[in-house]
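Below is one structure, written out as structure tokens; the observations come after it.
Here, each number is a calculation from the coordinates, and none is a lab measurement. Because the structure is predicted, anything quoted here is derived from the model rather than measured. Virtual Cβ from ideal backbone geometry, glycine too; neighbours counted across all protein chains shown.
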Amino acid sequence: MSAATTRSRTARTPAPDRLCAEAVDLARAAAEEAAAPGVVGEHVALVSEGDRVVTHYFESKEPGYRGWRWAVTVARASRAKNVTLDETVLLPGSDALLAPEWVPWSERLRPGDMGPGDLLPTEAEDPRLEPGWTGEDEPLPNSPVSEVSQELAALADAEDAELTTRPGTSRGSIAAVADELGTRRARVLSRYGLRLAADRWDEEFGAKTPMAQAAPASCVTCAFLVPMAGSLKQAFGVCANEFAPADGRVVSLAYGCGGHSEAAVMPKPPKPAPHALDTMRVDDYSLRPADDSGSVPGRTDGSTDDLGHS
């Protein structure tokens, strides 16, 4: 049993051919011709690739290729004494410095990577987008609604004949009305695209963020919240507080921060009491006291001779 196993292993990996194993100088010359003199290092190993086929490995001294090895494969024909060159290639070793695995640009792109002048194409079958108008709401050609629409369209064209109309559009059609309202887009966000956007916004400015956990109140009661339109208005809005961390960003209604409009209302300053002394009015003071201001009269009622006064 062991002898059969040994024979099978020997058949799969034959012993290195002697002449091919001794052709180290031939392999080194081929490696230096492919690289440059002085870049090929010491002979580190040889591996038998098959009958009379051996690969010699040399250390690479090329800067930036640490751990790489020059692999030179030599071979010999049956019953021939000359060893010939088969292949020369630079291969990474077990401890080689390798570049990261290549990732397509569409998967490497991250929010904020685009700069002025950059263009970001979207796939034709992007699951985040769907046709903006497919004509499904347009009535059938033979239905009464379609006849009325055609009559209204003809009437509108007749009344607006003096106006400049766009070529290829009918004012009575749904596409023309959507075009005038500014909503005729080739594609719009699908439910899948809305859900992806909602997940991103809720992860960055949602109820589970540390800022929202420490907030005194949520954005749904904040005066700085600008409501959104469409189905997203039930869960998101735009922050309009310039001092808030989410100013100009889409925030969840359950998000919150310390800049809530009703979190800390500053009281009005108290009205000061009126001054007891009016400092704005000028008081008139006489240089002499008035005659009737004192307790002693300024003039006597009669003669003072009888009183013995001099």
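Modelled spin labels at Val188 and Arg110, positioned 7 Å past Cα toward Cβ, are 3.4 nm from each other.
Just add up the charged neighbours of Gly237: K/R +1, D/E -1, any other residue whose Cβ is under 15 Å from the Cβ of Gly237. So the surrounding residues net to -1.
Neighbours of Leu26 by Cβ distance under 12 Å: Lys/Arg scored +1, Asp/Glu scored -1, total -3. Straight-line reach from Lys233: taking Cα to Cα under 21 Å and skipping same-chain neighbours fewer than 8 places apart, the lysines in range are Lys208. Please compute the contact order of segment 14-75 in relative form: average sequence separation of alpha-carbon pairs under 8 Å and at least six residues apart, divided by the residue count, as a percent. Relative contact order for segment 14-75 comes out at 35 percent.
Note on Ala45 and Ser286: the model spin-label points, each 7 Å out from Cα along the C-beta direction, lie 12.6 nm apart. Near Phe236, the amide H atoms lying under 5 Å from its own belong to Leu253; only residues 5 or more places off or on other chains count, and H is placed 1.01 Å from N.
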